[in-house]
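> One structure follows; several queries about it will come next.
The values are calculated or read from the model by the stated rules, or taken from the named source; none is laboratory data. All values reported here derive from a predicted model rather than from experimental measurement. Every residue, glycine as well, gets a Cβ built from its backbone with ideal geometry; the counts of neighbours run over all protein chains shown.
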């Protein structure tokens, strides 16, 4: 793998491509998308994130700590609070989710009112917006990832499902995320977690 480009460089290209696809879909549905109506409702409740998401979030937290240490400390404090709250019912060990999908789903639903540690609840702003997980970027229009089609956001989208499907954003058709996750696994980074555990140790 010595000749492969750095993971972070490929990740930046991936995110730029994803944003391009989403922007096209959002432009086509501009009069039927109202993010102010829904946000930040999707920022509540834990959900699985992969190791690429973890890497991105930690990189963002480190950059924030260098420029605005107070904001970074607040994120870590909130993450630690959530991690303690989650610990007793967490379906996994050492912050890593098990592969029991039913248990993971029950856990996420059970803590659906818990705000994301990166969310400033006073302003409704994501403090790590530029480094947020890939799934956080897909709210709004309908999205196709591989063979899976995700419906438009029920809180932000006001048009018909047929309208949304006609201009669905095709995300990562080259499966670059999968390639990057394979590389991370080869380096010893594997398994899913949640944002609280990803950020609780600080930058």
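> Exactly one of these conditions fails for residue 71: (1) crowded, with 18+ Cβ neighbours inside 10 Å; (2) under 14 Å from residue 130 (Cβ atoms). Give me its number.
Looking at each condition in turn, residue 71 falls short on (1).
> If you don't mind, another one. Restricting segment 138-149 to residues that are without any contact (Cβ under 8 Å) to a residue 40 or more places away in the chain and assigned to a strand (DSSP E or B), which is nearest to residue 173 (Cα to Cα)?
Pass one, segment 138-149, residues without any contact (Cβ under 8 Å) to a residue 40 or more places away in the chain: 144-149.
Still in the list and also assigned to a strand (DSSP E or B): 144-145, 148-149.
Values: 144: 9, 145: 7, 148: 11, 149: 13 Å.
Filtering segment 138-149 for residues that are without any contact (Cβ under 8 Å) to a residue 40 or more places away in the chain and assigned to a strand (DSSP E or B), the one nearest to residue 173 (Cα to Cα) comes out as 145.
> With the requirement that a residue be closer than 15 Å to residue 135 by Cα and buried (at least 17 other Cβ atoms within 10 Å of the Cβ), what does segment 16-26 give you?
Across segment 16-26, the qualifying residues are 18, 21, 22.
Here is a yes/no grid of residues against (1) more than 16 Å from the chain's Cα centre (by Cα); (2) modelled with pLDDT under 95; (3) assigned to a strand (DSSP E or B):
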residue	(1), (2), (3)
71	yes, no, no
75	no, no, no
80	yes, no, no
83	yes, no, no
89	yes, yes, no
106	yes, no, no
109	yes, no, no
122	yes, yes, no
136	no, yes, no
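> Being in contact with a strand residue (DSSP E or B) (Cβ under 8 Å, 6 or more places away or on another chain) and farther than 15 Å from residue 44 by Cα, is that true of even one residue in segment 108-131?
Looking through segment 108-131, none of the residues is in contact with a strand residue (DSSP E or B) (Cβ under 8 Å, 6 or more places away or on another chain) and farther than 15 Å from residue 44 by Cα.
> Consider residue 138 carefully, then state whether it is surrounded by 15 or more Cβ atoms within 10 Å (Cβ to Cβ) and within 21 Å of residue 101 (Cα to Cα). Talk me through it step by step, then tell me what you get.
Numbers: surrounded by 15 or more Cβ atoms within 10 Å (Cβ to Cβ): yes; within 21 Å of residue 101 (Cα to Cα): no.
The answer is no for residue 138.
> Same structure, new question: Could we say that residue 110 is more than 30 Å from residue 159 (Cβ to Cβ) and touching a helix residue (DSSP H, G or I) at 6+ places or on another chain (Cβ under 8 Å) here?
Numbers: more than 30 Å from residue 159 (Cβ to Cβ): yes; touching a helix residue (DSSP H, G or I) at 6+ places or on another chain (Cβ under 8 Å): no.
When the stated conditions are applied, residue 110 does not pass them.
> Return the residue satisfying two criteria in turn: it lies in segment 149-162 and is more than 21 Å from residue 40 (Cβ to Cβ) and in contact with a strand residue (DSSP E or B) (Cβ under 9 Å, 6 or more places away or on another chain), and of such residues it is surrounded by the fewest Cβ atoms within 10 Å (Cβ to Cβ).
As a first pass, look at segment 149-162 and keep what is more than 21 Å from residue 40 (Cβ to Cβ): 149, 159-162.
From the residues that got through so far, the ones that are in contact with a strand residue (DSSP E or B) (Cβ under 9 Å, 6 or more places away or on another chain) too are 149, 159.
Details: 149: 13, 159: 16.
Among those residues, the one meeting the criterion is 149.
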